[in-house]
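Following: one structure in structure tokens, then a few remarks.
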Amino acid sequence: MTTVDLVEHAPARRVPLPDGAGRALAASKIVDAAPDPYEPGLWRLRARSKVGAVVVDVPGDEPVTLRVTPKVPIARLFFLLGYSLDPRGWLDGEVEADEHEELLPALAHAVERQTDRALRRGLLQGYRATEQTAFVVRGRIKEAEQIRRRFGAALPVEVAYDEFTTDIAENRILRAAVERLLRLPGVPRAVRARLMHQRARLADAAPLVRGQAIPEWRPNRLNARYHRALQLARIVLDGASAEHLPGGIRMNGFLFDMNKVFEDFVCVALNNALAPYGGRGVLQAKNVHLDEEAAVRMRPDFVWYGESGVPAAVADAKYKVGTPEGYPDADLYQMLAYCTALGLREGHLVYAKGSAPHAGHHVRRSGVMLHQHAVSMGAPSAVLLAEIRALAERMAGSRRHAGA
């Protein structure tokens, strides 16, 4: 099997690939892929914001494994991912991912450890609504269904009841995540053996059918020991790449879009940091329009509304790196439009990295101030959260200064 290693947003690499695999990668948009114009059999591959691992299996060709490594440390990636699932986020070390330097081994290791912790006291049981044809009455008789199917016959009986079982959503999700990781090459042998052990423990939970929606579960006191494992399992299942492409090509793996990961972290962390100041934060705010006729719709990443319900602050997260020439001007135009539509005098753009921690621009003839902030993605989580709290304090101060 051919293995190709790329780094997120790194320069393009020339690698030997079967034409079928190269075309599949180009069609999938996972990376930028184009045949080398000078040397047949070589493809130029460049990773953008998607990180993870996928296997491309083209009929008649050797499978190709593509691995894209994030620029941030693996432990920091898991910390950021926590904010996309849990408003409280995760602390460094909670998922114990830093024992592996590559993303797939780290993810498989973390899922196995958290699953093992969740199952130490046995499988969680719960009530599941069940409908069945039986010769013994259990629960309630479905009278309409009995008449439609049995035409008045006494037996068998169509019944519905709540069954106390281990075949519940929580266990099915854990089993599905374990089985997906077991299908991926590159998982260390020791971790794979432990994952197989966890799959055996979850054998009573029904497997998910391909194409079926992930079962819903709600955190409560009874399933508290499952919470971390379920959040990691959801990462595995949500990050699943397309399994089939036209022409019988199979593509199996998991991918994370760092744009979305960074956006979720900034918005959720800002919402948490602004909570003591009152009001409410809205992620991906709707009902924001540029024009009076509400024909031009906009969706800011984060809008903070004061206690009166009036917009008090707006922020947009950009997973971009500043250059010596600065950030893209288009981001400023976009934020100016947000401020105009929301009636705000200040707007905040939050970048993943920059040459300076803060820059401000006074827009001519408008009185609007546009702020550009850069957070330290490579810094410890405590430093990163401190920067978000400082940004929240600035946003709250802007509201008080404006009298909102």
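The values are calculated or read from the model by the stated rules, or taken from the named source; none is laboratory data. Computed from a predicted model, the values in this text were never measured in an experiment. Positions of Cβ are backbone-derived with ideal geometry, glycine not excepted, and every protein chain shown enters the neighbour counts. Calculation scope for accessible area: heavy atoms of the full protein, side chains included, ligands and nucleic acids excluded. Shrake-Rupley method; radii C 1.70, N 1.55, O 1.52, S 1.80 Å.
Between Glu216 and Asp329, residue separation times 0.36 nm minus the direct Cα-Cα distance comes to 36.5 nm. What distance in nm lies between label points placed 7 Å from Cα along the C-beta direction at Tyr38 and Leu336? Result: 4.3 nm between the two label points.
Lys260 sits with roughly 100 Å² accessible to a 1.4 Å probe, with DNA, RNA and ligands left out of the calculation.
Calculate the FRET efficiency for Ala275 and Val7 from the Cβ-Cβ distance with a Förster distance of 51 Å, rounded to the nearest 0.05.
FRET efficiency, Ala275 to Val7: 0.90.
Rolling a 1.4 Å probe over the protein heavy atoms leaves Ser366 with an accessible area of roughly 50 Å². In this simple spin-label model, placing a label point 7 Å from the Cα along the Cα-to-Cβ direction at both Asp238 and Ala200 gives a separation of 3.2 nm.
Can you tell me how much longer the chain between Arg14 and Asp257 gets when fully stretched, taken as 0.36 nm per residue apart minus their C-alpha distance, in nm with one decimal?
So the extension gain works out to 85.2 nm.
Taking all protein chains together and a 1.4 Å probe, the residues His362, His348, His289 rank His362, His289, His348 from largest to smallest accessible area.
Efficiency by 1/(1 + (r/R0)^6): what FRET value for Arg389 and Arg189, r their Cβ-Cβ distance, R0 = 45 Å, to the nearest 0.05?
0.55
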